[in-house]
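Contents: one structure, followed by commentary.
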Amino acid sequence: MSELEAVAPKVIGRCREAGVRLVLAEACTGGVMAAALTEVPGASAVVERGFVPYSNESKGEQLGVPLALLQAHGSVSAEAVGA
């Protein structure tokens with residue numbers, strides 16, 4: 001079992017307890033986090049949706065990250081994550 005698979009049930013449980021739902025935007029991971037979380041029974045009560053905007057264009061279209069920011073700082077920069 002991977003570390004992510006071991007942590008996923010805890011994340012789902014804590015979100016359920018807190019009454020929050022998750023929306024994931026996973027560019028570099030290619031959706032692996034959403035896959036691990038949705039394997040947990042009852043995850044549908046917590047996981048709302050996920051996005052895998054891999055290209056810079058899709059980061060702008062789906063997440064509203066300015067293309068100029070991505071070009072200036074890179075897609076894995078603190079500036080891009082903050083945007």
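The values are calculated or read from the model by the stated rules, or taken from the named source; none is laboratory data. Given the structure is predicted, the values throughout are model-derived calculations rather than measurements. Reconstructed Cβ throughout: ideal geometry from the backbone, glycine too, with neighbour counts over all protein chains shown. SASA here: full protein model, heavy atoms, side chains in, ligands and nucleic acids out. Shrake-Rupley method; radii C 1.70, N 1.55, O 1.52, S 1.80 Å.
Checked against (1) exposed (fewer than 13 other Cβ atoms within 10 Å of the Cβ); (2) more than 16 Å from the chain's Cα centre (by Cα), SER44 passes all but a single condition, namely (2).
Taken over the stretch 8-31, the criterion of being out of contact with any helix residue (DSSP H, G or I) (no Cβ under 7 Å at 6 or more places or on another chain), open to solvent by 60 Å² or more (accessible area, probe 1.4 Å) and in a helix (DSSP H, G or I) is satisfied by PRO9, LYS10, ARG14, GLU17, ALA18. Would you please list the contacts, defined by Cβ atoms under 7 Å and residues six or more apart or on different chains, that run from a residue in the stretch 30-51 that is farther than 15 Å from SER2 by Cβ to a residue that is open to solvent by 20 Å² or more (accessible area, probe 1.4 Å) and of a type in the set (D, E, K, R)? Every condition considered, the pairs that remain are ALA45/ARG16; VAL46/ARG16; VAL46/ARG21; GLU48/ARG21. Scanning the stretch 58-83 for residues that are over 17 Å from the mean Cα position of the chain (by Cα) and either surrounded by fewer than 13 Cβ atoms within 10 Å (Cβ to Cβ) or aromatic (Phe, Trp, Tyr) (or both) turns up LEU67, ALA68, GLN71, ALA72, GLY74.
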